[in-house]
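Q: Okay, here's the structure, questions in a sec.
The values are calculated or read from the model by the stated rules, or taken from the named source; none is laboratory data. Since we're looking at a predicted model, the values are computed, not measured. We place every Cβ from the backbone using ideal geometry, glycine too, and count neighbours over all the protein chains shown.
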Amino acid sequence: MDRLGAWGVRWAFGEPKRDELDPVLLLWKMHQRVRHDLLPPKRTVVEFDFTGHNGRRLWLVLEPREISVCLKPPGFDTDLMVRANLAFFYRVWLGYVDYDDAVQSKAIIVDGPRTLAREFPRWFTWSPMARFVRMERDRWAVAPS
């Protein structure tokens, strides 16, 4: 599977096209890759404010035993607010852009208690292709010109 993933990233797998940007699908993928063991012990609500093409607001309700994707406000207070351009957040999810670099450059804004904001990226294993994307990205970064 690793070889197939590496091949796909190198030859067939590219960044999503504008018409492929789907915030609901992105959050659904994220909800499938939550590291339950690293979540806070109490319910944590993360509101995503995606801007740009197909941008919208969505919520993840994270509990150690259950993760929910909400298309409407879930009826609980938001603990973290994540603001980003949808296309850019896809690039982070897929591994083209480093999450910490995106936050430092303010391309992704995470508002909320400092502890939750700092732990937020650790709650996800991110895209299964991210490792291969980073390897390919790094390979091109050191390739002679």
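Q: How do the pairs read when you match residues in the range 20-36 that are farther than 17 Å from GLY95 by Cβ with residues anywhere that are of a type in the set (Gly, Ala, Ser), using Cβ under 8 Å and keeping only pairs 6 or more apart or on different chains?
A: PRO23/GLY55; HIS31/SER68
Q: May I pose another question? Which pairs turn up if I take residues in the range 115-127 that are within 14 Å of LYS29 (Cα to Cα) and at pLDDT 95 or above and look for partners that are not hydroxyl-bearing (Ser, Thr, Tyr) and not in a loop (DSSP other than H, G, I, E, B) with beta carbon separation below 8 Å, at least 6 apart in sequence or on another chain?
A: TRP123/VAL34; TRP123/LEU38; TRP123/LEU62
Q: What do you reckon, is PRO16 at pLDDT 95 or above and out of contact with any Pro (no Cβ under 8 Å at 6 or more places or on another chain)?
A: No; evaluated as a whole, the condition is false for this residue.
Q: Quick test of your reading of the structure: LEU80 fulfils all but one of (1) modelled with pLDDT under 95; (2) of a type outside the set (Lys, Arg); (3) in contact with a Gly (Cβ under 8 Å, 6 or more places away or on another chain). Name the failing condition by number.
A: (1)
Q: Restricting to the range 81-111, what's the tally of residues that are assigned to a strand (DSSP E or B) and among the aliphatic types (A, V, I, L, M)?
A: So the answer is 6.
Q: Pairs under 6 Å by beta carbon, first residue over 14 Å from TRP123 (Cβ atoms) in the range 48-73, partner part of a loop (DSSP other than H, G, I, E, B) and modelled with pLDDT under 95, six or more apart or different chains?
A: Listed pairs, sorted by first residue: HIS53/LEU21; ASN54/LEU21.
Q: Still on this structure: Considering the range 57-97 alone, what residues qualify as being surrounded by fewer than 18 Cβ atoms within 10 Å (Cβ to Cβ) and among the small types (Gly, Ala, Ser)?
A: SER68, GLY75, listed by residue number.
Q: Which of the residues that make up the range 100-113 are of a type outside the set (A, V, I, L, M, F, W, C) and touching a residue at least 24 places away in the same chain (Cβ under 8 Å)?
A: Of everything in the range 100-113, those that are of a type outside the set (A, V, I, L, M, F, W, C) and touching a residue at least 24 places away in the same chain (Cβ under 8 Å) turn out to be ASP111, GLY112, PRO113.
Q: If you don't mind, there's one more thing I want to ask. I'd like the full set of residues that are at pLDDT below 90 and of a type in the set (Asp, Glu), limited to the range 19-47.
A: ASP19, GLU20
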